[in-house]
Structure formats: C-alpha cells, structure tokens
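Asks: Sharing a structure, written as structure tokens. Questions coming.
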Amino acid sequence: MDKTIDLEQLKQKAQQEISQAKNSQDIENIRIGLLGRKGALTDILRSLSQLPIDQRKEVGQKANTLRKELEELFDSKIKEIDNLVISEKLVKEKIDISLPSYPFETGHYHPLRQTLDEIAGIFESIGFSKAEGPEIETEWYNFEALNIPKNHPARDVQDTFYMKKPAKNEKRLLRTHTSPVQIHVMEKQKPPLRIIAPGRVFRNEATDASHSAVFYQLEGLAVDEKITFADLKGTLTLFINRFFGKNVGVRFRPSHYQFTEPSADLDIQCTICGGKGCNICKNTGWLEMLGCGMVHPNVLRAVKYDPEKYTGYAFGLGIDRLCMFKYGIDDIRLFYENNLQFLEQF
Ligand code: DAH
C-alpha cells in the first residue's frame, strides 16, 4: 500500500471538509478525525515504523508537512468563522445613526408664571423693581398699617385664614392681598421708590369658576414728591396697552379702598366683544382689571413718611384674572388642577 497516495487523498478530503465547516464545532470534529488519538493522520504517523526504511523517511516528511498544513488550515478557518460571527452580529445590531431622534419632552412655564413674568417685565422696563414679602403676615401689615381698622369687613374671619398659634402674642394670618408688601418696602426704604410685588394670596371663600382660595396678585407702588393721579393714569394705561398688545379702551371708575384716597377701578373695553356686550362682560362692554388710587395719608404716616412732603400711587391686580381675559379662559380652577391637556396649550 502506498502511503504517499493515502496522504494525498487524506489531504484532499480534509481540505474539502474544512472548506465546508460551518462553525468551530465542525472544525473540532474534523481535527479529531485527522489529528486526534485515533485520527487518520495520527494512524499513518504511528505506522511509519512498519514501513521499509527507504519509504519511511519520505512518507514521514510528507505526513509531518501535511500535519502542519492542516493545522494552518484549521487556524485560518477558525478565524474566518469568528469573523463571520462578528460581522453577522454587526449586521443584526446595526444602528442607523442618520435616523432623526425622538423629540425631547421639555417642560414649560405655567400660564400664570408666564403672565406674571410678562406683567413684571412691562413694569420693569419703565423703572419699577421687584419686591417680595412674606405669605404669613400679622394684622399690622395686612390690615392696620393699610388703614383697615379693627371692625372693617375685610378683617372678617370668613375672608381671612388665621393661624392657630399666635407669634409673640400677635395674631398671624395668610395675607389676603399683596398690599402689605407696600408697608414692608416703605419701612425699609426712603422715597423715591417704584416697586412691584407679585405673589400668592389667600382667601377663605368657596371655590367656583371665578373664585379660588389661593390666587396671585401683583402690587404696584410709587412714592415721591409731587406724584399725581395723572402719573397713575399714564402708567396704567401704558401697561394695559402693552399687555394686550393694542390700544384698548380704558376707563377709570371711582371706587373705594381703605389704603388709597381717591380710589379707582380700571376697566378695559371688553376684549371678547370689543365693547358691544357679551356674556363675559355681562353685557356692559367693560371688564374690571384692577384697583388703584393715591396712597392714603394714614398709610404714609404708618411708615413714618411725611404726607405733606410725599405723595404716591398704588395699584393691585389679579394675575389670574388678567391671564383669563388675555386668553379667554372662563374658569380660574383650571390654573390649579394640573391638567396637562389644559397646561400644554401655553
Ligand atoms: N388690595 C386690593 C385687593 O386685594 C387691591 C388693591 C386696590 C391694591 C387698590 C392697591 C390699590 O394697591 O391701590 O383687592
């Protein structure tokens, strides 16, 4: 039997099998079949000693060369299979980086905050600066210093939330308006001054479409020598026209507030019907926007300003109300219910 021919056949068969191998397990099986303990090539190598001397050397060399070739073939096939696995994986896990991304969900400002910022921005642009005061007040700041005496109906427990425990024998309450900030500012600063004070206020009353126990106001105050009602009218008219973005009809109607004298309410021509009359303006053609007036001398005295030397004007507006008129919202409760369908419209 010619071992050289055996080797040649073995080589061809191995090359064919290796080229058809699909995975590393196939390769291992082929390798065992050839080079394992009972492998075909191992067999030939083992039986070399039984060959005649002259053939032994030639066949031995060829068998060893074949073993080396086969080992190289196994190695390169394994590499090929590994690469195939990786590239299949890459194809499967491919990410298309040219696809547009999902849009980011960004938060946005609450309509009340937007309105507050807008109102404050208008006043800041004409020289007013922002002031703040506490939400928990004493009767002095919320009432007395504002010329609201003991028996005034605004002090009625029905309107005011009182705290259970007084501080240092003083009754404490949740402020019912932002007017007490006027007192805090004037106690700390001397005229001339021009401030606005936006903030949250509280009233102990039943909630409905136009009432909320918690709402927002913005207070304004200007004190200097020779300030007149004309300054008040000019400033507020400018504010209204800027806020509604057009010249809306404005009127000042006599009114009463304890802390101003004279006092007025500012009405604007109904933004919904243009003054013709509709259910929003209750067929009057006018909408009440804010309260205002010249600072009462008693208020100036309470903060030790000389009413003979200084005069001033003040105003207070409801931020919720202005927001409702601007956007045609008919229920104040919508601002406080965290209903995203409503809020996301702004
Ligand atoms: N504090 C008043 C209220 O809550 C609003 C107000 C009216 C404020 C007239 C003022 C003012 O400063 O002059 O109803």
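The values are calculated or read from the model by the stated rules, or taken from the named source; none is laboratory data. Since the model is a prediction, treat every value here as computed from it, not as a measurement. Positions of Cβ are backbone-derived with ideal geometry, glycine not excepted, and every protein chain shown enters the neighbour counts. Keep in mind that these areas ignore ligands, DNA and RNA; they rest on the heavy atoms of the full protein, side chains included. Shrake-Rupley method; radii C 1.70, N 1.55, O 1.52, S 1.80 Å.
Asks: Short version: ³J(HN,Hα) in whole Hz for each residue of segment 180-188, in order, from phi by Karplus 6.51 cos²θ - 1.76 cosθ + 1.60 (θ = phi - 60°), x for Gly and Pro, what are they?
Replies: Working through the residues one at a time gives x, 4, 3, 5, 4, 5, 5, 5, 9 Hz.
Asks: Just to confirm a number: summing +1 for Lys and Arg and -1 for Asp and Glu over residues other than Arg155 whose beta-carbon lies under 11 angstrom from that of Arg155, what do you get? Walk me through the intermediate numbers first.
Replies: Details: positive: Lys150, Lys171; negative: Glu139, Glu144, Asp156, Asp159.
Its environment carries a net charge of -2.
Asks: Based on Cβ point charges of +1 for Lys and Arg and -1 for Asp and Glu, what charge dipole magnitude is obtained for the chain about its Cα centre, in debye rounded to the nearest 20? Intermediate values should be presented prior to the final figure.
Replies: On the way: 47 positive and 48 negative charges, 84 e Å.
Dipole magnitude for the chain comes out near 400 debye.
Asks: What dipole magnitude, in Debye to the nearest 20, does segment 185-329 give about its Cα centre under +1 on Lys/Arg Cβ and -1 on Asp/Glu Cβ? Don't skip to the end; give the middle numbers.
Replies: Numbers: 18 positive and 14 negative charges, 68 e Å.
That gives segment 185-329 a dipole magnitude of about 320 debye.
Asks: Under a plain spin-label model, where a point goes 7 Å from the Cα along Cα-to-Cβ, how far apart in nm are Tyr109 and Glu17?
Replies: So the two model labels end up 8.0 nm from each other.
Asks: Something else: Can you list residues whose amide H is under 5 Å from Ala131's amide H, if they're 5+ apart or on another chain and H is modeled 1.01 Å from N?
Replies: Answer set, sorted by chain and number: Ile196, Ala197.
Asks: Subtract the Cα-Cα distance of Arg56 and Ile280 from 0.36 nm times their separation in residues, and report this length gain in nm to one decimal. Let's see the in-between values first.
Replies: Numbers: separation 224, 0.36 × 224 = 80.64 nm, distance 11.55 nm.
Contour length minus the Cα-Cα distance gives 69.1 nm.
Asks: Using only Cα atoms, figure out Rg for segment 111-343 and give it as a multiple of 2.2 N^0.38 Å. Before the final figure, lay out the partial values.
Replies: Details: Rg = 17.7 Å, N = 233, 2.2 N^0.38 = 17.5 Å.
In units of the 2.2 N^0.38 Å rule of thumb, it is 1.01.
Asks: A further question on this structure: Per the 1.4 Å probe, what fraction of the accessible area of segment 111-343, in percent, lies on carbon and sulfur atoms?
Replies: Numbers: 5680 of 11510 Å².
Exposed carbon and sulfur together represent 49 percent of the surface.
Asks: Further question: When the accessible area of segment 31-83 is split by element with a 1.4 Å probe, what percent falls to carbon and sulfur? Mind showing how you got there, number by number?
Replies: Working: 1820 of 3620 Å².
In segment 31-83, the share of accessible area belonging to carbon and sulfur is 50 percent.
Asks: Using amide H atoms built 1.01 Å from N in the peptide plane, name the residues 5+ places from Ile227, or on other chains, whose amide H lies under 5 Å from its own.
Replies: Thr311
Asks: Another question about this same structure. Show the residues, 5+ positions off or on another chain, whose built amide H is closer than 5 Å to the amide H of His177.
Replies: Excluding prolines and chain starts, which carry no amide H, the hits are Phe202.
Asks: Let me ask something additional. Taking θ = phi - 60°, what integer Hz values does the Karplus form 6.51 cos²θ - 1.76 cosθ + 1.60 yield along segment 210-218, in sequence order, with x for Gly and Pro?
Replies: Those phi angles translate into 10, 10, 9, 5, 10, 8, 10, 10, 9 Hz.
Asks: At 1.4 Å probe size, with every protein chain present, just tell me what the per residue accessible area of segment 202-346 comes to in Å². Kindly include the intermediate steps, with their values, before the conclusion.
Replies: On the way: 7140 Å² over 145 residues.
Here the per-residue accessible area is 49 Å².
Asks: Would you tell me the accessible area of Glu80, worked out with a 1.4 angstrom probe on the heavy atoms of the protein chains, in Å² to the nearest 10?
Replies: Approximately 110 Å² for this residue.
Asks: Just how large is the dipole of segment 3-93 about the Cα centre, in debye to the nearest 20, putting +1 at every Lys and Arg Cβ and -1 at every Asp and Glu Cβ?
Replies: Values: 17 positive and 16 negative charges, 65 e Å.
Taking the Cα centre of segment 3-93 as origin, the dipole is about 320 debye.
Asks: Mind giving me the FRET efficiency for Thr65 and Ile97? R0 is 41 Å, r the Cβ-Cβ distance, nearest 0.05 is fine.
Replies: Details: r = 50 Å, r/R0 = 1.22.
My answer for the efficiency is 0.25.
Asks: If packing is taken as the average number of other Cβ atoms within 10 Å across a peptide's residues, how do 291-304, 237-250, 187-200 rank, most packed first? Present the calculation step by step, with values, prior to reporting the outcome.
Replies: Values: 291-304: 19.7, 237-250: 15.4, 187-200: 17.1.
In decreasing order of mean packing, 291-304, 237-250, 187-200 become 291-304, 187-200, 237-250.
Asks: What percent of all Cα-Cα pairs in segment 58-110 falls into each 5 Å bin, going from 0 up to the bin containing the maximum distance?
Replies: Answer for segment 58-110: a P(r) of 4, 14, 9, 10, 9, 8, 8, 7, 6, 5, 5, 4, 3, 3, 2, 1, 1, 1, 0 percent.
Asks: Among the chymotrypsin sites (Phe, Trp or Tyr not before Pro) within segment 75-164, which fall in a DSSP loop and have no more than 11 other Cβ atoms within 10 Å of their own Cβ? Could you put the intermediate results ahead of the total?
Replies: Working: sites: Phe104, Tyr109, Phe123, Phe128, Trp140, Tyr141, Phe143, Phe161, Tyr162; in loops: Phe104, Tyr109, Phe128, Phe143, Phe161.
Loop-located and lightly packed - Phe104.
Asks: Please identify the cysteines of the chain that lack any partner cysteine with a Cβ under 4.7 Å from their own Cβ.
Replies: Those would be Cys292, Cys323, since no other cysteine Cβ in the chain comes under 4.7 Å of theirs.
Asks: Ratio of segment 239-346's C-alpha Rg to 2.2 N^0.38 Å, to two decimals?
Replies: Scaled against compact globular proteins, the figure is 1.32.
Asks: Residues of segment 207-245 with the amide nitrogen closer than 13 Å to a label point 7 Å from the Cα of Asp306, along Cα-to-Cβ, please.
Replies: Counting backbone N atoms under 13 Å from the label point, the list is 225-226.
Asks: Using alpha-carbon positions, what is the distance between the centroids of segment 262-298 and segment 327-346, in Å?
Replies: If we compute the Cα centre of each part, the gap is 23 Å.
Asks: Let me ask you something else. Would you mind pulling out the separation of the Cα centroids of segment 174-197 and segment 88-161, in Å?
Replies: 19
Asks: Next up: Put +1 on the Cβ of every Lys and Arg and -1 on every Asp and Glu Cβ in segment 38-183; which of Ser47, Ile183, Ile119 then has its Cα farthest towards the positive end of the dipole?
Replies: Of the options given, the answer is Ser47.
Asks: Output wanted: per-residue J couplings in Hz (rounded whole) for segment 122-131, from phi through Karplus 6.51 cos²θ - 1.76 cosθ + 1.60, θ = phi - 60°, x for Gly and Pro.
Replies: In residue order, the calculated couplings are 5, 5, 5, 5, 10, x, 8, 10, 7, 10 Hz.
Asks: Between Tyr162 and Ala213, what is the label-point separation in nm under the 7 Å Cα-to-beta-carbon projection?
Replies: Taking the simple label geometry, Ala213 and Tyr162 are separated by 1.7 nm.
Asks: If you don't mind, there's one more thing I want to ask. With every protein chain left in place, what is the accessible area per residue of segment 3-93 in square angstrom, probe 1.4 Å?
Replies: On the way: 6560 Å² over 91 residues.
Per-residue accessible area for segment 3-93 comes out at 72 Å².
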